[in-house]
Every structure is written in structure tokens, then in C-alpha cells.
1. With among the β-branched types (Val, Ile, Thr), closer than 30 Å to residue 143 by Cα and either modelled with pLDDT of 60 or more or surrounded by 14 or more Cβ atoms within 10 Å (Cβ to Cβ) (or both) as the only criterion, which of 40, 106, 122 stands out?
2. When you look at residue 140, is it out of contact with any Ser or Thr (no Cβ under 8 Å at 6 or more places or on another chain), modelled with pLDDT of 75 or more and farther than 22 Å from residue 167 by Cα, yes or no?
3. Of these, 172, 156, which one is on the phi < 0 side of the Ramachandran plot and modelled with pLDDT under 85?
4. Does the range 53-60 contain at least one residue that is touching a Ser or Thr at 6+ places or on another chain (Cβ under 9 Å) and either at pLDDT 85 or above or open to solvent by less than 40 Å² (accessible area, probe 1.4 Å) (or both)?
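The values are calculated or read from the model by the stated rules, or taken from the named source; none is laboratory data. None of the values given here were measured: they were computed from a predicted structure. Positions of Cβ are backbone-derived with ideal geometry, glycine not excepted, and every protein chain shown enters the neighbour counts. The protein model used for the area step is the full one, side chains on, heavy atoms only, and it has no ligands, DNA or RNA in it. Shrake-Rupley method; radii C 1.70, N 1.55, O 1.52, S 1.80 Å.
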Amino acid sequence: MTINDVNPDESLEISRGRFKRLGDCTGSEIESAIRLIARTRIDRAWIDEQASGFDQGGLTVGRRFFASVTEAERDLIAYWQMVKLVEEEGMRRTKEGDARRKDDRTTGPMAGERLIDQALATVVAADSLGPGDQISLTQEQALVWAIYLRVLERHRGLASDEEIEHSVKAARKAGISIEEIGATIAAADLPQAREEK
């Protein structure tokens with residue numbers, strides 16, 4: 001019998017008098033079932049140990065326990081270890097995802113937003129303030145803003161593909177990713193963007 005022979009439809013006693021389908025058990029429930037099995041085995045091994053007498057060179061309780069474990073029980077233990085590994089990996093990935101999301105939220109007020117979204121927000125804020133208030137775009141925001149405006153102008157017949165390509169090259173030279181540039185062009189291609197005056 002191998003681990004592949006473990007039957008997921010088998011009914012497993014996970015606590016005294018409480019049974020559950022093996023395939024639906026969590027790692028902790030399988031562990032609890034193994035503890036029930038082990039308790040019986042250890043009790044039996046302890047009785048055998050006492051019966052053999054200390055001066056008769058008998059097996060230790062631990063050795064008696066493992067000597068009497070069946071193949072099915074060994075497979076169940078191996079199955080439990082695999083389930084636990086899967087659960088631990090899932091928890092690790094969840095923690096890493098939570099940590100990444102926390103970093104995105106704490107790296108600044110615009111964290112997680114694309115450069116074009118930041119630039120748009122800055123321009124809208126500048127428009128809502130008086131002429132004496134200065135709000136400036138960062139170099140990266142200014143570069144994506146130039147692409148955005150040129151794509152809008154192309155829709156109105158006021159800019160050429162070559163002019164857009166020039167702005168794209170300038171942004172790439174400054175280290176702005178293709179994904180950011182693509183998001184900027186997509187934003188300018190939206191119908192509501194083309195309707196702006």
C-alpha cells in the first residue's frame with residue numbers, strides 16, 4: 001500500500017465518536033485522528049512493555065508503537081504531512097500577499113496608483129486652486145502626462161504618431177515601464193477622455 005492508496009472517501013474518526021470524510025479533513029483534523037490511533041497503540045505498547053519485564057530486554061514503548069503501526073496508518077500519517085505542507089504553503093502565500101498589500105498602502109498617499117492617475121489627480125487639484133497656488137508634476141508624472149495629452153491630440157487630429165512615439169521614447173529613457181505607458185495610452189483612449197475640452 002502506498003500514499004496513492006489513501007481513500008479520500010474513507011470515514012475518519014477525528015475525535016471520540018465524531019467522524020468525517022478523509023478528503024474533507026483539514027490537517028489539524030487528520031492530526032487529531034492520528035492522535036486517537038496513537039493513543040490506543042501507545043497504551044497497548046505500554047502494557048506489552050510492562051508484561052515483558054525490565055530485565056528481559058524488551059522493546060521500548062516507542063519501538064513497540066512503530067512496530068505495530070499498519071501500512072494504512074503509515075499512509076495516513078504521510079497524507080497528513082502532505083496536507084500540512086499544503087496548508088503551510090497557503091498560509092505563507094497569504095501572509096506574503098497581505099504584506100505586499102500593506103506595503104502598497106503605506107508607501108505614500110498615491111501608493112498603488114499608476115503614474116497617469118497621479119498626474120490626473122494633480123492636474124485636477126491644480127485646476128481647483130487659485131493662480132497663486134503651485135502644484136507641480138514630478139518628472140515621471142510630467143512624462144506620462146505628455147503622452148496622455150498627445151494621444152488626446154491625435155484623436156483630434158492635432159498630433160502625429162511620430163510625436164507620440166517621441167514622448168514614449170522619452171518616458172522609456174527616463175525608466176518608466178511599458179506597463180505605465182500602456183496604462184497612460186489606454187486612459188487617453190477612453191471615450192470620456194476624448195470628450196474633455
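1. Every option except 122 fails the conditions.
2. No; evaluated as a whole, the condition is false for this residue.
3. Just one listed residue meets the conditions, 156.
4. The answer is yes, given that some residue of the range 53-60 is touching a Ser or Thr at 6+ places or on another chain (Cβ under 9 Å) and either at pLDDT 85 or above or open to solvent by less than 40 Å² (accessible area, probe 1.4 Å) (or both).
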